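Heads up: the structure comes next, in structure tokens.
The values are calculated or read from the model by the stated rules, or taken from the named source; none is laboratory data. Keep in mind that what you see is a predicted model, and the values were worked out from it rather than measured. Positions of Cβ are backbone-derived with ideal geometry, glycine not excepted, and every protein chain shown enters the neighbour counts. Quick note on the areas: whole protein, heavy atoms, side chains included, nothing else; ligands and nucleic acids left out. Shrake-Rupley method; radii C 1.70, N 1.55, O 1.52, S 1.80 Å.
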Amino acid sequence: MSGNSFGSLFRYSTFGESHGPAIGCVIDGVPSRIALAEADIQPWLDRRKPGQSRFTTQRREADQVRILSGVFEGLTTGTPIGLLIENTDQRSKDYSEIAEKFRPGHADYTYQVKYGIRDYRGGGRSSARETAMRVAAGAVARKVLDSLVPGGVVIRAAMVQMGPHTIDRSRWDWSELANNPFWCPDATAARLWESFLDEVRKAGSSTGGVVEVVAENVPAGLGEPVYDKLDADIAKALMSINAVKGVEIGDGFAVAALSGEDNADQMRMKDGHVHFLSNHAGGILGGISTGQTIVARMALKPTSSVLTPRLTVDKHGNEVEISTKGRHDPCVAIRGVPVGEAMVAVTLADHLLRQRAYAGS
């Protein structure tokens, strides 16, 4: 299996399966002499780990990270950084009834077609369990950004839609994210989502959501103007997350309804610097960062594991029905919030290192 690595200069590769003994990653390209400890990574993993509320999978994983290499006396050495998380709450028996059936909406059928074999225990390599290592790599990327960008880069994400219910942007308050289990910036919407998702969860069903990722204090000039556009790489990073089916940058699909006059982000001078009067482009023009806030959104589909019987086939070609039992997220978009932040972090760290290699500073 190829395609387990992401990035060019800041590059990480993940390994492991949902119900294997451990998951891990190796990160290449981190500059030397950056302070790094497990305590710098763990808080970000704690935001993603399962079982923190009734609205996420009840699988209990501590997600305790260990640094295996690349750090000496608290500083990065410039050599590959190895990270490992042991799996401690596998229940492979939960999947015994579906060992030969293809779950609709999952990667079961495509994995079987491609490889002739699949790990049916929680999806194996296709499981969202793999995203824990993305968050770990994102934590290291944040350290790189903080060490190289004056003032650091602030990367935050929030859920802005659950099922058909969207937030009211006039009530956006970043401090509200800590007050509800949905990373929702709108307290009123969060209360609605709670009752809505309780109904979904009790019915054994699931719902989708939209996550918005915002990166502030990003230097201008990051990104390459043709195939390695910064927005193209952010889109790839977010699209590579499990369950993501759509990504937009800035105003995204809404720009189709705008006029050229309305869409163009006009510019003036302010304190000797270029100042934009709007940010429809989401902080990226021609594939290169403008210095404005970068805004990206990703749409995540409903978790495909539901209790209601669905029509499918098995590996022998028999037409059967299937209902998926076990521990599943009724809205996987909730735990997608820290993963989206991490993928933007690794993309920005990669492009920052590329720009420094190009410009020499």
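Suppose the filter is of a type in the set (Phe, Trp, Tyr) and touching a Phe, Trp or Tyr at 6+ places or on another chain (Cβ under 9 Å); does TYR115 pass it? Steps first, answer last, please.
On the way: of a type in the set (Phe, Trp, Tyr): yes; touching a Phe, Trp or Tyr at 6+ places or on another chain (Cβ under 9 Å): no.
No: the conditions fail for TYR115.
Take the residues of the range 76-103 that are open to solvent by 50 Å² or more (accessible area, probe 1.4 Å), assigned to a loop (DSSP other than H, G, I, E, B) and modelled with pLDDT under 95: which is nearest to ALA139 (Cα to Cα)?
Among those residues, the one meeting the criterion is THR88.
Out of all the residues in the range 211-242, which are more than 23 Å from PRO150 (Cα to Cα) and crowded, with 24+ Cβ neighbours inside 10 Å?
Passing the criteria: VAL211, ASP233, ALA237, LEU238.
Just for the range 198-215: of the residues that are of a type in the set (A, V, I, L, M, F, W, C) and at pLDDT 95 or above, which one is nearest to PRO302 (Cα to Cα)? Steps first, please.
Initial filter on the range 198-215 (of a type in the set (A, V, I, L, M, F, W, C)): 200, 203, 210-211, 213-215.
This time we only want the ones that are at pLDDT 95 or above, so: 210-211, 213-215.
On the way: VAL210: 11, VAL211: 13, VAL213: 19, VAL214: 23, ALA215: 26 Å.
Residue satisfying both the conditions and the ranking: VAL210.
Evaluate the following for SER206: is it of a type in the set (S, T, N, Q), under 21 Å from the mean Cα position of the chain (by Cα) and not in a loop (DSSP other than H, G, I, E, B)?
Working: of a type in the set (S, T, N, Q): yes; under 21 Å from the mean Cα position of the chain (by Cα): yes; not in a loop (DSSP other than H, G, I, E, B): no.
No: the conditions fail for SER206.
Taking the range 300-310 on its own, how many of its residues are under 30 Å from LEU348 (Cα atoms) and surrounded by 18 or more Cβ atoms within 10 Å (Cβ to Cβ)?
Quick first cut of the range 300-310, residues under 30 Å from LEU348 (Cα atoms) only: 300-303.
Cutting the leftovers down to surrounded by 18 or more Cβ atoms within 10 Å (Cβ to Cβ) gives us 300, 302-303.
Going through the range 300-310 one residue at a time, the tally reaches 3.
Among the residues of the range 294-313, count how many are over 26 Å from ALA157 (Cβ atoms) and touching a Lys or Arg at 6+ places or on another chain (Cβ under 9 Å).
Looking only at that region, the number is 4.
Kindly indicate whether LEU352 is aliphatic (A, V, I, L, M) and assigned to a helix (DSSP H, G or I). So that I can check it myself, show each step before the final result.
Details: aliphatic (A, V, I, L, M): yes; assigned to a helix (DSSP H, G or I): yes.
When the stated conditions are applied, LEU352 passes them.
Taking the range 195-227 on its own, how many of its residues are under 12 Å from MET162 (Cα atoms) and without any contact (Cβ under 8 Å) to a residue 24 or more places away in the chain?
Within the range 195-227, residues that are under 12 Å from MET162 (Cα atoms) and without any contact (Cβ under 8 Å) to a residue 24 or more places away in the chain number 1.
So how many residues does the range 228-268 have that are closer than 30 Å to ARG129 by Cα and not aliphatic (A, V, I, L, M)? Break it down stepwise before answering.
Initially, the range 228-268 is screened for residues closer than 30 Å to ARG129 by Cα, giving 228-250, 252.
With the extra rule that they be not aliphatic (A, V, I, L, M), the set shrinks to 228-229, 231, 233, 236, 240, 242, 245-246, 248, 250, 252.
The number of residues fulfilling the criteria is 12.
Every residue, every condition in (1) part of a helix (DSSP H, G or I); (2) charged (D, E, K, R); (3) out of contact with any His (no Cβ under 9 Å at 6 or more places or on another chain), yes or no:
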position: ARG118; (1), (2), (3): no, yes, yes
position: ARG129; (1), (2), (3): yes, yes, no
position: VAL140; (1), (2), (3): yes, no, yes
position: PRO150; (1), (2), (3): no, no, yes
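Provide a single number: the residues in the range 221-258 that are part of a loop (DSSP other than H, G, I, E, B) and either under 24 Å from ALA107 (Cβ atoms) or in contact with a Cys (Cβ under 6 Å, 6 or more places away or on another chain) (or both). Even if it seems obvious, please write down each step before you answer.
Residues of the range 221-258 that are part of a loop (DSSP other than H, G, I, E, B), as a first pass: 221-229, 240-243, 250-251, 258.
Add one more test, that the residue is either under 24 Å from ALA107 (Cβ atoms) or in contact with a Cys (Cβ under 6 Å, 6 or more places away or on another chain) (or both), and what stays is 240-243.
So the answer is 4.
Consider LEU177 carefully, then state whether it is under 21 Å from the mean Cα position of the chain (by Cα), surrounded by fewer than 22 Cβ atoms within 10 Å (Cβ to Cβ), of a type outside the set (S, T, N, Q) and assigned to a helix (DSSP H, G or I).
Values: under 21 Å from the mean Cα position of the chain (by Cα): yes; surrounded by fewer than 22 Cβ atoms within 10 Å (Cβ to Cβ): yes; of a type outside the set (S, T, N, Q): yes; assigned to a helix (DSSP H, G or I): yes.
Taking the combined requirement at face value, the residue satisfies it.
Please enumerate the residues belonging to the range 180-196 that are touching a strand residue (DSSP E or B) at 6+ places or on another chain (Cβ under 7 Å) and part of a helix (DSSP H, G or I).
The initial filter retains those residues of the range 180-196 that are touching a strand residue (DSSP E or B) at 6+ places or on another chain (Cβ under 7 Å), namely 182-185, 189, 192-193, 196.
Passing the criteria: ALA189, LEU192, TRP193, PHE196.
Would you please list the contacts, defined by Cβ atoms under 9 Å and residues six or more apart or on different chains, that run from a residue in the range 294-311 that is closer than 16 Å to ARG335 by Cα and of a type outside the set (D, E, K, R) to a residue that is at pLDDT below 95 and assigned to a strand (DSSP E or B)?
SER304/ARG310
Of all the strands (runs of 3 or more DSSP E) wholly in the range 1-75, which have at least 3 residues that are over 18 Å from the mean Cα position of the chain (by Cα) and at pLDDT 95 or above?
Answer list for the range 1-75: 65-69.
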